[in-house]
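The values are calculated or read from the model by the stated rules, or taken from the named source; none is laboratory data. If you're wondering where the values come from, they're calculated on a predicted model, not measured in any experiment. With ideal geometry, Cβ positions are generated from the backbone for all residues, glycine too; neighbour counts draw on all protein chains shown.
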Amino acid sequence: MIHNPNFEHEKIKRVMQITKDLLKTPLAETRILDFGCGHGWYSIQAALLGAEVLGMDGRTVRMKGAITDTEKLGLKLAFEQVDIRQVSVLTHGRADVIFFLGILYHLDAPEVFRVLGNVHAMCRQFVIIDTHTALSGGATVEYLGEVYQGESVVEHSEEDSQAVRLSRQKASLDNAFSFYFTRESLFRLLGNTGFTSVYQCQVPHELQKPVDRITLVAMKGEGNGKKGMV
């Protein structure tokens, strides 16, 4: 496995195991989109396993090392600087698997609903989501007649310039607030988006996973899923 801090090894192991266990296609015939790829660790590991991968992030700072590693290894892997709120099936096509790791909780309403709708439309098999959740539902947002509970979280000051916001690599790209959904609301939202089943991953275990963070797999199956909202 690629070199990075120990806690990241646990996360990468979990995501790769989920991918291998649930894939309906051989990895060599699989296309993966990695939304908010950051350092590109998941993208590189998936490419090392044989998948065709596109890593996308709104900032280039953390991707630089991954681009260098990719060139050395000759992988089926590319990186692109792009605001994921602008990514859709029209701009980037479809993929068998989408990694949506550490990015959902940086989005605010109503953009989060449109992004998830686009993710659903782009996904052929499943989406792996790793996100913080709200432990209480003191705030609400409404979309298409559904009310979702959670909490509004400050990402930046309203007075912060765009340059200052971009310099904060572990914050949202530019929105001053983000919305953390409660688990119940997040599960309901994924169902309303069109995913036919949603599963929470407990194994492989992550020893350092915070109590408010979960890893989910949202499956795009056939049958009773609602029509995706884009």
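Some notes on this structure:
- Matching residues in segment 73-128 - criterion: being touching a strand residue (DSSP E or B) at 6+ places or on another chain (Cβ under 7 Å), of a type in the set (Gly, Ala, Ser) and closer than 24 Å to Ala51 by Cα: Ala78, Ala95, Gly102
- When each of Leu135, Leu107 is tested for being under 16 Å from Ser185 (Cα atoms), surrounded by fewer than 22 Cβ atoms within 10 Å (Cβ to Cβ) and among the aliphatic types (A, V, I, L, M), the lone residue that passes is Leu135.
- Within segment 210-222, the residues that satisfy the criterion of being under 18 Å from Phe99 (Cα atoms) and under 18 Å from the mean Cα position of the chain (by Cα) are Arg213, Ile214, Thr215, Leu216, Val217, Ala218, Met219, Lys220.
- Residues of segment 46-70 classified as assigned to a helix (DSSP H, G or I) and surrounded by fewer than 21 Cβ atoms within 10 Å (Cβ to Cβ), total: 6
- Pair list, Cβ < 8 Å and 6+ apart or interchain, from segment 207-230 residues that are modelled with pLDDT of 85 or more and assigned to a loop (DSSP other than H, G, I, E, B) to residues that are surrounded by fewer than 17 Cβ atoms within 10 Å (Cβ to Cβ) and hydroxyl-bearing (Ser, Thr, Tyr): Lys220/Thr196; Gly221/Thr196; Gly221/Ser197
- Hey, Glu158 part of a loop (DSSP other than H, G, I, E, B) and either closer than 18 Å to Ile84 by Cβ or free of Cβ contacts under 8 Å to residues at least 60 places away in the same chain (or both) or not: yes
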